[in-house]
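S.K.: Right, I'll just put the structure down here and ask away after.
No lab work stands behind these numbers, since they all come straight from the coordinates. Please read these numbers as outputs of a predicted model, since none were measured by experiment. Cβ atoms come from the backbone with ideal geometry, glycine included; neighbour counts cover every protein chain shown.
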Amino acid sequence: MNYHAVKVIYKFEMLRAWHTLLQTIASPVISTSLYFVVFGSAIGSRIQEVEGVSYGAFIVPGLIMLSLLTQSISNASFGIYFPRFTGTIYEVLSAPISFFEILLGYVGAAATKSLIIGSIILLTAGLFVDLTIAHPFWMLAFLILTCISFSLLGFIIGIWADSFEKLQLIPLLVITPLVFLGGSFYSVSMLPPAWQTVTLFNPVLYLISGFRWSFFEVSDVSVGLSLFMILLFLGLCMGIVWWMFKTGYRLKQ
Amino acid sequence: MQPIISVKHLFKTYATGHHALKDVSLDIMEGEILALLGPNGAGKTTLISSICGIVTPSAGSVSVAGYDIITDYRKTRELIGLVPQELTLGAFDTVWNTVSFSRGLFGKKSNPEYLEQLLHDLSLIEKRDSVLMTLSGGMKRRVLIAKALAHEPQIIFLDEPTAGVDVELRKDMWRIVEKLREAGVTIILTTHYIEEAEEIADRVGVINDGMLLLVDDKKSLMHDLGKKQLEIELKGTIEQLPESLSEWDLVLSDDGGQLTYTYDTQARSTGITALLQAISDAGLSLKDLKSKQSSLEEIFVNLVNLDS
Ligand SMILES: Nc1ncnc2c1ncn2[C@@H]1O[C@H](COP(=O)(O)OP(=O)(O)OP(=O)(O)O)[C@@H](O)[C@H]1O
Ligand SMILES: [Mg+2]
């Protein structure tokens, strides 16, 4: 195991966030506050409660997930895409380092960054609403698993993308709609039955549902199923990354 | 001497279908400086990239210090430093950070003294906290060299280290190479400049269209280089060389109108005066004289042309 290599990749990636510290911290704080103003106050004053939870609090897990998913993907995809784009990837490819170690460095750093952002959002949300976390351990577990899975997905996108447009395509066209339609701001039970069925095909629903359960013990689908789905997704991403590394897909000629 | 790098029947076909390497076999000795010469697109970078693990060979094998580059990649890559042809560097990092990164990436624990000395040797020490994108092209090339040397490799590949570099930096570059050689580092460099290969290398390899045409000691190439030819055009023609001229290294042209004399410029005397005397004594008269030297460049161009 080349610990030094993992360490420097991790450090280097974290340093990148450090350079843009203000953006790293300010943007989730500002956007979370805005969501609270718009959804929490404007809409929340009409909805009052969802499944016994105040609307303001109800949307917190969804809000965190929204940022977590987009941040994980954009951090991880940019982290690996940029060296490919500038050509500096040659150094990583010629280093005595296994693909697993490359992954550990890049995905580890991206996941850490989104974890930090998730925590910032949670703290910001705590300023607006009363939050109780029923299952802190599971809350953390869902948080970490999500950060890792979606950083992996971001890593895959960063290797797949051959232009900056493609890099932005998936987060914009796929992830954001899935999060919005996955029950971030409402309970699926509020939808007409036909739409409820459609929503069940949205993988993000399982994430948000499980995560929300760890706060309020209310969920759209069972917690076990949520956990199973996220682990399945994690496994799937691992499989794709493994295949990419094995074949050198878009990394090596 | 044991070869430190052994390339055996290496082939590379890119996804485009282009055959960039065709059955290249090559042994590189420990501590030597090998120059790879070849025109654009010959396959020099592809060969280097294959050995370093950036390009996956289509067939064949490479071993470094006895280890296979695929199965024992950790061992082989630790030993190798690569200075790429393009100026590929990050933009926002500092010199110090990027060099430290390289060292760690290759599995070496940090050693600020060594890196400081390295930056010093490369005249980069004053730039250690500079951001990469603020450096000039020549400085960036030095940084690339520093990165390649950061993990104290035993083998270093320099892919066209002097392309687009001014005279001053080129001299610096050769000083660096000389220093590395003294430290026992094996150096493989590619270049388009034949004088450069002549000046610095122990052996020269010529590669064209994916094939290694020759690898030879520079000395034996220099030997060919040291040969000069004198073309002597005669008034009229002769059937055969007169008996009195048989002791000279002379060739009579097919039409009998020209003699070619090959001699060694590095010998103490070329024998030209005596030859001309002998020719005139044999009753032949001269129409014209022309001397020409076969340069390494010519050998190179001939080889490449012959090949294509
Ligand atoms: N990624 C690639 N995909 C397809 N063809 C490639 C690729 N890289 C190189 N080639 C082709 O392979 C051949 C050898 O290229 P290579 O870069 O090894 O040449 P070179 O000898 O280093 O040339 P130069 O002196 O210009 O640097 C060229 O014809 C080139 O177009
Ligand atoms: Mg090249």
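S.K.: Considering only Cα-Cα distances, which of the following residue pairs are longer than 22 Å: B:Lys75/B:Lys171; B:Lys22/B:Lys140; A:Lys166/A:Lys252?
M.R.: Exceeds cut-off: B:Lys75/B:Lys171; B:Lys22/B:Lys140.
S.K.: Given the -39500 (n - 2.57) contribution per DSSP H run of 4+ residues, what per-residue ellipticity at 222 nm results for chain A, rounded to the nearest 500 deg cm²/dmol?
M.R.: On the way: 13 runs with 186 residues, N = 253.
Value at 222 nm, helices only, nearest 500: -24000 deg cm²/dmol.
S.K.: Mind computing the radius of gyration and Dmax over the alpha-carbon atoms of the range A:3-247? Å is fine for both.
M.R.: Considering the range A:3-247 through its Cα atoms, Rg and Dmax are 18.4, 60 Å.
S.K.: I've got another one for you. Could you calculate the contour length gain from A:Ser119 to A:Tyr249, that is, 0.36 nm times the residue separation minus the distance between their Cα atoms, to one decimal place in nm? Before the final figure, lay out the partial values.
M.R.: Details: separation 130, 0.36 × 130 = 46.80 nm, distance 3.45 nm.
Residue separation times 0.36 nm, minus the Cα-Cα distance, leaves 43.3 nm.
S.K.: Set the Förster distance to 45 Å, then compute FRET efficiency between B:Ser6 and A:His135 from the Cβ-Cβ distance, nearest 0.05.
M.R.: Rounded to the nearest 0.05, the efficiency is 0.15.
S.K.: Only Lys, Arg, Asp and Glu count, each charged at its Cβ (+1, +1, -1, -1), so figure out the dipole size of chain B about its Cα centre, rounded to 20 debye. Each step should come with its number before you reach the end.
M.R.: Working: 31 positive and 45 negative charges, 272 e Å.
Its charge dipole is roughly 1300 debye.
S.K.: Computed over the Cα atoms of the protein assembly as shown, what is the ratio Rg over Rh, Rh following Kirkwood?
M.R.: Working: Rg = 33.7 Å, Rh = 28.2 Å.
Here Rg/Rh amounts to 1.20.
S.K.: Suppose each label sits 7 Å from its Cα in the direction of the beta carbon; what would the A:Trp195-B:His192 distance come out to in nanometres?
M.R.: Here the modelled spin labels are 6.4 nm apart.
S.K.: Additional query: Would you mind telling me the antiparallel percentage of the DSSP bridges in the range B:68-224, rounded to 5? Don't skip to the answer; put the middle values down first.
M.R.: Details: 7 of 16 bridges.
In the range B:68-224, approximately 45 percent of DSSP beta bridges are antiparallel ones.
S.K.: Right, something else. Run the dipole for the protein assembly as shown about the Cα centre, Lys and Arg Cβ at +1, Asp and Glu Cβ at -1, nothing else charged, and hand back the magnitude in debye, nearest 20. Walk me through the intermediate numbers first.
M.R.: Working: 42 positive and 55 negative charges, 481 e Å.
The calculation lands at about 2300 debye.
S.K.: Using only Cα atoms, tell me the angle between helix B:137-149 and the longest principal axis of chain B; keep it within 0 to 90° and round to the nearest 10.
M.R.: 70 degrees
S.K.: Quick one: pull the percentage of alpha-carbon pairs in the range B:5-222 with a separation above 30 Å. Don't jump to the answer; show the numbers that get you there.
M.R.: Details: 5011 of 23653 pairs.
Roughly 21 percent, once rounded to a whole number.
S.K.: Using Cα centres only, tell me the gap between the range A:154-196 and the range B:39-114 in whole Å.
M.R.: Centre-to-centre distance over Cα atoms comes out at 38 Å.
S.K.: Further, regarding this structure: With point charges of +1 on the Cβ of Lys and Arg and -1 on the Cβ of Asp and Glu, referenced to the Cα centre of the protein assembly as shown, which listed residue (A:Thr124, B:Leu234, A:Ala26) lies farthest in the positive direction of the dipole?
M.R.: In the protein assembly as shown, that residue is A:Thr124.
S.K.: Mind jotting down the distance between the C-alpha centroids of the range A:12-61 and the range B:143-158, whole Å?
M.R.: What the calculation gives is 47 Å, centre to centre.
S.K.: Also, quick follow-up: Take every DSSP beta bridge whose two residues both sit in chain B, then give the antiparallel share in percent to the nearest 5. Walk me through the numbers before you get to the answer.
M.R.: On the way: 38 of 56 bridges.
Given both bridge residues lie in chain B, the antiparallel proportion sits at roughly 70 percent.
S.K.: Would you mind ranking B:Lys140, B:Lys218 by Cβ crowding within 10 Å, fewest neighbours first?
M.R.: On the way: B:Lys140 16, B:Lys218 20.
Ranked by crowding around the Cβ, least crowded first: B:Lys140, B:Lys218.
S.K.: For every helix of n ≥ 4 consecutive DSSP H residues, a contribution of -39,500 (n - 2.57) applies; sum these over chain B, divide by its total residues, and give [θ] at 222 nm rounded to the nearest 500 deg cm²/dmol. List each step's numbers first, then the result.
M.R.: Numbers: 10 runs with 103 residues, N = 308.
Computed ellipticity for chain B at 222 nm equals -10000 deg cm²/dmol.
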